[in-house]
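The values are calculated or read from the model by the stated rules, or taken from the named source; none is laboratory data. Here the structure is a predicted model, which means the values were calculated and not measured. As a convention, Cβ positions derive from the backbone with ideal geometry for all residues, glycine included, and neighbour counts pool all protein chains shown. Areas reflect the complete protein model, heavy atoms only, side chains present, ligands, DNA and RNA absent. Shrake-Rupley method; radii C 1.70, N 1.55, O 1.52, S 1.80 Å.
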Amino acid sequence: MGLREQMLATVEGSPAAVAAHDKQRWLSLFAPDAIVNDPVGSSPHRGDEQLSRFYDTFIAPNTIVFHPAHDIVCGDTVIRDLTLEIRMSDAVTLTVPVHLRYEMASADLIAGLFAHWELPTMVRQLLAEGLDALPISTRLTGALLRNQRLGGAAGFARGFVRAGAAEKRRTLAFLDAACAERSGSDVRVEYGAGRVGPVADLRDELDGWQTGKCLAAGRYVTVSLTRGEEHAVAMATFERRQIVAMKVYVAS
């Protein structure tokens with residue numbers, strides 16, 4: 001098995017453990033000081049104890065099915081472009097578009113899991129379920145306070161603070177211009193595996209690509225890119241509503 005296949009096998013161990021509700025198997029995938037930031041923008045969880053509490057709060061009570069569209073291995077990063085199906089009760093199932101970013105400590109250990117998805121959108125979807133959402137909301141609040149305490153609950157709520165519609169439009173315009181070789185920006189661009197270059201290189205990299213799914217989480221906007229059978233994910237970093245960096249993950 002090559003390095004790419006080993007990394008993918010490790011990453012795919014996460015949904016397998018989640019589906020089996022095997023907490024110890026899930027925890028074993030992570031390095032001792034690993035980070036889980038889910039959703040990006042909320043306070044991260046670090047180390048076995050905090051990851052254990054994260055599992056008890058957000059994974060154990062639900063049935064979660066991963067529907068992957070594309071996997072991208074770029075350097076020591078694995079990007080999964082997927083949709084999560086979260087069955088929170090017999091009456092309520094949520095559908096959540098996600099970009100999952102796994103930073104690998106080695107081929108068989110995860111150093112960081114960063115889940116780019118939109119918390120406000122998920123909450124609106126839950127509230128649309130009406131009365132069926134009430135017991136779920138009560139259960140989640142209780143689990144947050146029991147496992148995370150007030151500080152952890154407040155840390156989770158930080159996920160509501162994120163880049164918004166304007167930042168998403170700005171990111172798509174930036175990428176559309178780059179894909180069409182019209183960009184004159186001086187934004188720093190990194191190509192996932194560590195290579196850094198000017199936007200002129202980005203124009204060469206993305207010539208002919210099409211933008212797709214666009215998500216805002218924390219100070220990042222992530223965008224799915226396609227060109228025929230090729231797939232990539234771009235990640236824009238924002239400060240004061242301006243793009244300050246762009247990272248593009250293209251399969252290596």
- Residue-wise HN-Hα coupling along the stretch 210-221, computed from phi with Karplus coefficients 6.51, -1.76, 1.60 (Hz; x: Gly, Pro): 10, 7, x, 3, 10, 10, 10, 8, x, 9, 10, 10
- Item | Contour excess over end-to-end distance, with Cα ends at ARG158 and SER137 and 0.36 nm allotted per residue | 5.8 nm
- Amide proton proximity set for ALA105, modelled H, under 5 Å, gap of 5+: ILE110, ALA111, GLY112
- Task: State the extension gain, in nm to one decimal, for the chain segment bounded by VAL65 and THR121, taking 0.36 nm per residue of separation less the distance between their alpha-carbons.
- Result: 18.3 nm
- Calculate what fraction, in whole %, of the accessible area of the stretch 67-178 sits on carbon and sulfur atoms when a 1.4 Å probe is rolled over the protein chains. 60
- Message: How far apart, in nanometres, would the label points at LEU150 and ALA128 be if each is projected 7 angstrom from Cα along the Cα-to-Cβ direction?
- Response: 3.5
- Message: With every protein chain kept in place and ligands, DNA and RNA left out, what is the accessible area per residue of the chain? Probe 1.4 Å, answer in Å².
- Response: 46
- Query: Taking H as built 1.01 Å from N, whose amide H comes closer than 5 Å to the amide H of ALA217, not counting residues under 5 places away?
  - Reply: ALA163, THR222
